[in-house]
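Scroll down for the structure; my scribbles are underneath it.
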Amino acid sequence: MRVPDISFFDTFIKYDRIREKDIERYTQQLASGKKILTPSDNIVDNVRSLRFKKLTADLQSYNRNIDLVKTSLDIAESTLRNIVETGQELRVDIVNILNTGVLDYEDAQIYKDFFQSMRDYIIKQANVTIGDTRIFGGVKSQVDPFDERGIYQGEFLDTTVPVAKGVELNTTFIGKDYLGTIPSGVWVDTNSNNLVDTNEVSYKIGIVKAIDDIIQIIDQGDISRLSAYFSDMGYTSPTDNIVGTGETGVFTISYGSTSFDVAYDDTMTLSDLVDAINSNPSNVDAEGNRLVEAFVFQDKDGVYRLGLSGQSPDINISVLDTSGSLQKRIGEVRRILDTFDKGFEQISQHRSMIGTQINVADNLKEINQQQIVELQDLISKLEDADYAGTIAELEKAKTAYEALLASISQNKDLSLLKYFG
C-alpha cells in the first residue's frame with residue numbers, strides 16, 4: 001500500500017510555511033534591530049512599549065516647556081535683581097536727604113534729577129520684554145504693563161505652563177504683585193457694591209510712588225514734609241466729599257501717647273477734614289503748640305491726598321477709622337520711607353519666589369531627563385532584538401527547515417509493497 005503523495009505534500013506545505021515565517025521573522029529582527037515587528041508578535045510587550053513611549057513623549061514635552069519657562073524666569077529674576085540693587089542705592093540717598101532736612105536749591109535739583117532718572121529706569125525695567133511679550137503684564141503681554149507714572153495697566157491673571165504632572169510654572173507674571181505696587185489714585189466704585197475691588201483702584205510701583213512724592217516735595221519747596229505721613233490714595237479735588245452718601249465715622253489720630261478724635265460725615269470735604277484735624281483742641285501740647293499738622297498734598301499724578309506732619313519727626317503717627325468708610329478711600333497712612341520699604345520688600349520677596357521656581361525647574365528637568373533615560377531603556381528591552389539569541393534562533397529555524405526538506409525527500413516514495421518480495 002502506497003502512502004499518498006498528497007499527504008506528504010500537505011505536511012510539507014504546512015511546515016514549510018512555519019519555517020519560512022520563522023526565518024523571515026528572525027532575518028527582519030536582525031535587519032531592523034527590533035524584536036517586535038507587529039503588535040501580534042507580543043501583544044503584552046507591545047502595549048507596555050506604547051505606554052512607555054507616551055510617557056517619554058510627555059516628559060520630553062515637559063522639558064521643552066521647562067526651557068521656555070527658564071528663559072522667562074531668568075529674565076524676570078535678573079530684572080528684579082536690577083531693581084533691588086537700584087533700590088538699595090536709592091534708599092541710601094533717601095535717608096541722606098531725610099537726615100539733611102534742609103537743602104539749598106542747587107542740591108535739591110541734583111537730588112531731583114537723580115531720583116527722576118532712577119524712577120524712569122525702574123519703570124523701564126518693569127516693562128522688560130522677551131520678543132514682543134512683556135513678562136510682567138500677566139496674560140495681557142502685548143502692551144507695557146506700567147505707564148509713565150509707574151501705574152499698572154496689565155492683567156491680574158498670569159500665564160503658566162505644565163512642567164511636570166500637577167506642576168505649572170510662570171512664563172508671564174502679574175506685575176501688580178511682583179513689582180511691589182501700592183494702591184494709589186482715586187477709588188471709583190464702578191459696581192456700586194461699596195467695596196474696594198481690585199480693578200477699582202490704581203496700583204503704582206511702591207518705590208516709584210515714594211520717589212515721585214520726594215520729587216513733588218522738592219518742587220513744592222517744603223523739604224520738612226519729607227518726614228511727613230501721607231495717605232496712599234486720595235481725591236480728584238480737595239473739595240470732594242471724603243465719604244459716600246450716608247456714611248459717617250470717627251477718625252482717630254495718635255501722636256506718640258496722645259490721641260484725638262475727628263468725627264466725619266458725608267458732607268465733609270478733604271479740606272474740611274484737614275481743618276478739623278488742625279483745629280482739634282486735643283491736638284496741642286502743654287504749651288499750646290500743635291502736635292500734628294494736617295495738610296492737602298497734591299501728588300505728581302494730580303491726586304489730592306491727606307498729609308500729616310508731626311511736631312517731632314522722631315515720634316510716630318498712626319490713624320484708626322472706626323467705620324472704615326474714610327480709610328477705604330484714602331488707604332494706609334505712612335511715611336515716604338515706609339512706602340519705599342514696603343514696595344522694596346514686596347519686590348525682594350517675589351524675586352525669592354522666582355528663584356525658587358528656577359530651582360524647581362532645574363530639578364524637574366534633571367528628574368524628567370533621568371526618567372526619559374529609564375523609559376528608553378525599558379522600551380529597548382521590550383523592542384530591541386537580542387542579536388546573539390536571534391542568530392541562534394535563526395540557525396535553529398534553518399536547521400529545522402533543512403530537516404523538513406530532507407525528511408520529505410527521503411519519505412515521499414515509501415510504499416508497503418517494498419516490504420513484500
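Here are the numbers for the structure shown:
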item	result
Single condition Asn363 does not satisfy, out of (1) surrounded by fewer than 18 Cβ atoms within 10 Å (Cβ to Cβ); (2) of a type outside the set (Val, Ile, Thr); (3) at pLDDT 95 or above	(3)
Those residues of segment 136-169 which are assigned to a strand (DSSP E or B), open to solvent by less than 40 Å² (accessible area, probe 1.4 Å) and either at pLDDT below 95 or of a type outside the set (Ser, Thr, Tyr) (or both), in sequence order	Gly137, Phe146, Ile151, Val161, Val163, Ala164, Leu169
The one condition in (1) surrounded by 23 or more Cβ atoms within 10 Å (Cβ to Cβ); (2) at pLDDT below 95 that Ser231 fails to fulfil	(2)
Unmet criterion (only one of (1) outside any helix (DSSP H, G or I); (2) within 30 Å of Val95 (Cβ to Cβ); (3) at pLDDT below 95) for Ile217	(1)
Every pair of residues 6+ apart whose Cβ atoms lie under 7 Å, when the first sits in segment 62-83 and is touching a residue at least 60 places away in the same chain (Cβ under 8 Å) and among the β-branched types (Val, Ile, Thr) while the second is open to solvent by less than 50 Å² (accessible area, probe 1.4 Å) and assigned to a helix (DSSP H, G or I)	Ile66/Ala361; Ile66/Leu364; Val69/Ala361; Ile83/Ile122; Ile83/Gln125; Ile83/Ile347
Criterion: at pLDDT 90 or above, among the polar types (S, T, N, Q) and open to solvent by 70 Å² or more (accessible area, probe 1.4 Å) - qualifying residue of Gln376, Gln298, Gln346, Gln357	Gln298
Residue in segment 284-293 that is in a loop (DSSP other than H, G, I, E, B), touching a residue at least 12 places away in the same chain (Cβ under 8 Å) and basic (Lys, Arg) present	no
Odd one out for Ser224, checked against (1) surrounded by 17 or more Cβ atoms within 10 Å (Cβ to Cβ); (2) closer than 30 Å to Gln109 by Cα	(1)
Enumeration of residues in segment 249-281 that are exposed (fewer than 12 other Cβ atoms within 10 Å of the Cβ) and touching a strand residue (DSSP E or B) at 6+ places or on another chain (Cβ under 6 Å)	Ala263
Considering residues of segment 238-247 that are more than 14 Å from Asn194 (Cβ to Cβ) and polar (S, T, N, Q) only, the residue surrounded by the most Cβ atoms within 10 Å (Cβ to Cβ)	Asn241
Residue satisfying all of: in segment 84-135; in a loop (DSSP other than H, G, I, E, B) and either of a type outside the set (Gly, Ala, Ser) or over 31 Å from the mean Cα position of the chain (by Cα) (or both); surrounded by the most Cβ atoms within 10 Å (Cβ to Cβ) among these	Ile135
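The values are calculated or read from the model by the stated rules, or taken from the named source; none is laboratory data. For clarity, every value in this text was computed on a predicted model and none was experimentally measured. Note that each Cβ is placed from the backbone with ideal geometry, even for glycine, and that neighbours are counted across all protein chains shown. SASA here: full protein model, heavy atoms, side chains in, ligands and nucleic acids out. Shrake-Rupley method; radii C 1.70, N 1.55, O 1.52, S 1.80 Å.
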